[in-house]
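S.K.: Please find one structure pasted underneath; my questions will follow.
The values are calculated or read from the model by the stated rules, or taken from the named source; none is laboratory data. All of these numbers come straight from a predicted model, not from anything done at the bench. Cβ atoms come from the backbone with ideal geometry, glycine included; neighbour counts cover every protein chain shown. Surface areas here come from the heavy atoms of the whole protein model, side chains and all, with no ligands, DNA or RNA. Shrake-Rupley method; radii C 1.70, N 1.55, O 1.52, S 1.80 Å.
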Amino acid sequence: MTAGKQMGFMQSRRLLEEYGIPLVGTIVREPDEVPGAAIKEGYPVALKGITPDFSHKSDVGFVFLGLKNYESLKKALNTLQYNMEQSGAFDVEGFLIQSMAPRGLELLIGSKQDPSFGPVTMVGNGGRFVELIADVAPGPSLHHPLLKPGRVKPLTQCINLLACHDHTPY
C-alpha cells in the first residue's frame with residue numbers, strides 16, 4: 001500500500017479477518033447476485049458499493065439503507081450503478097449487502113501509520129455525522145505504553161452518550 005493512501009474495503013476486510021474480527025454481510029461481484037444476497041441476509045438490508053475510489057461512500061450515493069423488499073432493492077441497485085458510473089469510480093470491486101442493524105450508537109475506530117509519531121489510533125462518534133460533529137480523540141498505538149484503559153475514553157463526547165445510553169433505540 002502506498003503511504004498516505006487509504007486502505008480499500010477488501011484490503012481492510014482481509015486484514016480484520018486475519019485478526020479474527022468478523023464483519024457482517026455478503027459481498028458479491030455482479031449486480032445480478034445482489035437479490036440472492038439480500039434474501040440470504042434477510043430484509044431489511046443495506047446496499048453499498050465497494051470501491052477504493054471514494055472514502056465517504058454515502059456522500060456520492062453509494063449507500064442505501066432500510067431496503068425492505070426486492071422492489072426497493074432493485075431500485076436502489078439501479079441508482080447505485082448509475083451513481084457509480086457518473087462518479088467516475090474506476091475500480092468497482094462489487095457490492096456489500098448487510099442485514100440492517102437495530103438503531104443505536106455508532107462509533108468510529110481507526111488507525112494509521114503517522115510519519116512522525118508512528119502507529120496512532122482514534123476513537124469517536126461514528127455514522128453519517130462523523131465529520132459534521134468531529135468528535136474524535138487521537139491516541140497512540142494500541143500497544144503503546146501510554147494507552148492505558150480509560151485514557152482515551154473521557155476525551156470524546158460520544159463516550160458521555162455511551163455512559164448514559166439505556167439501550168433504548170433512538
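S.K.: Consider segment 97-110. How many of its residues are closer than 18 Å to His56 by Cβ and in a strand (DSSP E or B)? Steps first, answer last, please.
M.R.: Taking segment 97-110 and keeping what is closer than 18 Å to His56 by Cβ, we get 98, 106-110.
With in a strand (DSSP E or B) added as a condition, the list becomes 98, 107-110.
Residues meeting the conditions: 5.
S.K.: If you check Pro22 against the conditions, is it open to solvent by less than 50 Å² (accessible area, probe 1.4 Å) and assigned to a loop (DSSP other than H, G, I, E, B)? Even if it seems obvious, please write down each step before you answer.
M.R.: Details: open to solvent by less than 50 Å² (accessible area, probe 1.4 Å): no; assigned to a loop (DSSP other than H, G, I, E, B): yes.
In short, no.
S.K.: A further question follows. Would you tally the residues in segment 12-29 being more than 9 Å from Ile97 (Cβ to Cβ) and touching a residue at least 40 places away in the same chain (Cβ under 8 Å)? Lay out the reasoning, then the answer.
M.R.: To start, the set of residues in segment 12-29 that are more than 9 Å from Ile97 (Cβ to Cβ) comprises 12-24, 29.
Cutting the leftovers down to touching a residue at least 40 places away in the same chain (Cβ under 8 Å) gives us 24, 29.
Of the residues in segment 12-29, 2 are more than 9 Å from Ile97 (Cβ to Cβ) and touching a residue at least 40 places away in the same chain (Cβ under 8 Å).
S.K.: So, in segment 97-121, of the ones that are more than 19 Å from the chain's Cα centre (by Cα) and open to solvent by 70 Å² or more (accessible area, probe 1.4 Å), which residue ends up modelled with the lowest pLDDT?
M.R.: The residue in question is Phe117.
S.K.: Identify, by number, the condition in (1) open to solvent by 30 Å² or more (accessible area, probe 1.4 Å); (2) over 20 Å from Gln11 (Cβ atoms); (3) modelled with pLDDT of 70 or more that His144 doesn't meet.
M.R.: Among (1) open to solvent by 30 Å² or more (accessible area, probe 1.4 Å); (2) over 20 Å from Gln11 (Cβ atoms); (3) modelled with pLDDT of 70 or more, His144 violates only (3).
S.K.: May I ask you to list the residues in segment 46-96 that are open to solvent by 60 Å² or more (accessible area, probe 1.4 Å), part of a helix (DSSP H, G or I) and without any contact (Cβ under 8 Å) to a residue 60 or more places away in the chain?
M.R.: Correct list: Asp59, Tyr70, Glu71, Lys74, Lys75, Asn78, Gln81, Tyr82, Glu85, Gln86.
S.K.: Out of curiosity, is Gly88 in contact with a strand residue (DSSP E or B) (Cβ under 6 Å, 6 or more places away or on another chain), at pLDDT 75 or above, more than 19 Å from Val34 (Cβ to Cβ) and not aliphatic (A, V, I, L, M)?
M.R.: Values: in contact with a strand residue (DSSP E or B) (Cβ under 6 Å, 6 or more places away or on another chain): no; at pLDDT 75 or above: yes; more than 19 Å from Val34 (Cβ to Cβ): yes; not aliphatic (A, V, I, L, M): yes.
No, not satisfied.
S.K.: Turning to a different aspect of this structure: Pick from segment 5-19 the residues that are under 20 Å from Ala89 (Cβ atoms) and open to solvent by 80 Å² or more (accessible area, probe 1.4 Å): which of them is modelled with the highest pLDDT? Lay out the reasoning, then the answer.
M.R.: We begin by selecting, within segment 5-19, every residue under 20 Å from Ala89 (Cβ atoms); these are 5-13.
Pick out the ones that are also open to solvent by 80 Å² or more (accessible area, probe 1.4 Å) and you get 5-6.
Working: Lys5: 63, Gln6: 67.
Ranking the qualifying residues of segment 5-19, first place goes to Gln6.
S.K.: Here is a further query. With respect to the numbered conditions (1) more than 14 Å from the chain's Cα centre (by Cα); (2) β-branched (Val, Ile, Thr); (3) not in a helix (DSSP H, G or I), which one is the sole condition not fulfilled by Val34?
M.R.: Val34 satisfies every listed condition except (3).
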